[in-house]
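Just below is one structure, and these are the notes that go with it.
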Amino acid sequence: MDAPGKKKLKVATTSLAGCFGCHMSFLDIDERLFTLLDYIEFDRSPLTDIKEVSPDCDLGIIEGGLCNAENVHVLREFRKNCKVLVAIGACAVNGGLPAQRNHLPLSTILEEVYHTSPGLANGLIPNDPELPLPLNKVHPIHEVVKIDYFLPGCPPSGDAIWKFLTDLLAGREPELGHGLMHYD
Amino acid sequence: MTQTFTLDGKAIPFADGQTIIQAALAAGVFIPHLCYHPEFKPHGSCKLCTVKVNGRQTASCTMRAAAGMQVESNTEEINAERRALTQMLFVEGNHFCPSCEKSGDCQLQATAYHLGMMSPHFDHFFPNRPVDASHPELLLDFNRCILCSLCVRASRDVDGKNVFALSGRGIKTHLIVNAKSGRLADTDIALGDKAVQVCPVGVILRKRTGFAVPIGERTYDKAPIAETVAQEGT
Ligand code: SF4
Ligand code: SF4
Ligand code: FES
């Protein structure tokens, strides 16, 4: 990377239908985070607890696919406010584990989880208006907004994330190569 | 004097009757492929092995080598088309590598890495393809079938059993099991059969052995597919 310029890049991150594993893996870049902070500042992110994306974000990093209406809303907010959007991890890239429900009707899943599963209190299907409505199918994020870069992996390793970000910050086309490129 | 053709500027020797891919692999030059297997008659269906011969596209697993041919393979243009084909294979099935026993040993995945496939690009079909777990020793997970027909050819030509067949046409093509019930348990397939060994992806799986070799220590974790295949000359 070049020497730090005057203005730090604004980076926002979020986890949609993901498990936060990609964010944990991001923290696995360990002390390199300090180097990174010479170049970037965090905007909305689970790491800052800022709730809204600033309109002048340079980079948005999205973990997780879309399993409910709120995920779609947040994704659109990121697309509106970030110059460059990155899909990080298997779930953002192809729906991942949550998308393995896609061959089952949503009603069947809700029935089974809340009514017929053994060992569960015979409860109601949650219907609080505060809860975002689930989508019929889980979708990868590129099916809804334009995504500029993809970083596959479940999760991508800290080294893969580091390579990817340093390439991007240096203005290079990110390239992972053997050992860092993984779908699993 | 040995006859040669030119592949990406390199002279490749060949014997009469050899296809382009056979000669290339024998010379240690990798051409991506999924439905080609050195032990079987070519099927020519996946088109991953497409090259340009004297400027025209053709499948290198079905095209015989001829002296003086000018063949292009490892070019930006052809690799982009191979990548698009690979992306289509991913979205037509259900490929969730993190939960697939074949991950790291899978030719589709390794080929996608080789081609730098960072995303599936297209919209996913998310088809409904129930698995067949009827057999006590083997699992069939149709979600990952790429219709390469290797199991069909192996069962028919080597095992002499005809356990598998491709049925339907176009996008409806799918793998079937030749039993009245349609279940693998009702065939005479056996663990030692060639058809059990040959699937390039994670469809035909031996039960209870899936993670005997841990993720991270598998075939294509050690070396990328281009090196692995070129070394073996397959
Ligand atoms: S068959 Fe290969 S590409 Fe498909 S899910 Fe399994 S490892 Fe991934
Ligand atoms: S089961 Fe495997 S070997 Fe058979 S057609 Fe499908 S992908 Fe090919
Ligand atoms: S390997 Fe030639 S068409 Fe599949």
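Regarding region A:107-126, can at least one residue be identified that is surrounded by fewer than 24 Cβ atoms within 10 Å (Cβ to Cβ), at pLDDT 95 or above and not hydroxyl-bearing (Ser, Thr, Tyr)? Scanning region A:107-126 turns up no residue that is surrounded by fewer than 24 Cβ atoms within 10 Å (Cβ to Cβ), at pLDDT 95 or above and not hydroxyl-bearing (Ser, Thr, Tyr).
Considering (1) in a strand (DSSP E or B); (2) within 16 Å of ligand 1 (Cβ to nearest atom), the lone condition that B:PRO32 does not fulfil carries the number (1). Identify the residue in region B:168-200 that is within 14 Å of ligand 2 (Cβ to nearest atom) and open to solvent by 40 Å² or more (accessible area, probe 1.4 Å) and, among all such residues, is farthest from the other protein chains (Cβ to nearest Cβ). The residue in question is B:LYS194.
Checked against the criterion of being away from every other protein chain (no Cβ under 14 Å), away from ligand 3 (no atom under 14 Å from the Cβ), closer than 30 Å to B:ALA165 by Cα and not charged (D, E, K, R), the candidates B:GLY28, B:GLY17, B:GLY55, B:GLY44 yield just one match: B:GLY17.
Here the condition is being within 9 Å of chain B (Cβ to nearest Cβ) and surrounded by fewer than 19 Cβ atoms within 10 Å (Cβ to Cβ); of A:GLU175, A:GLU130, it holds for A:GLU175 alone. Of the helices (runs of 4 or more DSSP H) lying entirely inside region A:34-130, those containing at least 3 residues that are within 27 Å of B:ARG144 (Cα to Cα) are A:90-94, A:106-111.
Quick check: is even one residue across region B:102-113 open to solvent by less than 20 Å² (accessible area, probe 1.4 Å), away from ligand 2 (no atom under 16 Å from the Cβ) and farther than 25 Å from B:HIS174 by Cα? Within region B:102-113, none of the residues are open to solvent by less than 20 Å² (accessible area, probe 1.4 Å), away from ligand 2 (no atom under 16 Å from the Cβ) and farther than 25 Å from B:HIS174 by Cα.
Take the conditions within 14 Å of chain A (Cβ to nearest Cβ) and free of Cβ contacts under 8 Å to residues at least 24 places away in the same chain and apply them to B:SER103. Does it pass? Criteria not met by B:SER103. Taken over region B:60-81, the residue count meeting the criterion of being closer than 14 Å to B:ILE20 by Cα, open to solvent by 10 Å² or more (accessible area, probe 1.4 Å) and not in a loop (DSSP other than H, G, I, E, B) is 3. Restricted to region B:100-126, and to residues there that are more than 16 Å from ligand 3 (Cβ to nearest atom) and of a type in the set (Gly, Ala, Ser), the residue that is nearest to B:ASN178 (Cα to Cα) is B:SER103.
The values are calculated or read from the model by the stated rules, or taken from the named source; none is laboratory data. No experiment lies behind these values; they were computed from the predicted model shown. FYI the Cβ positions are ideal-geometry reconstructions off the backbone, even for glycines, and counts take in every protein chain you see. With ligands, DNA and RNA removed, areas are computed over all heavy atoms of the protein, side chains included. Shrake-Rupley method; radii C 1.70, N 1.55, O 1.52, S 1.80 Å.
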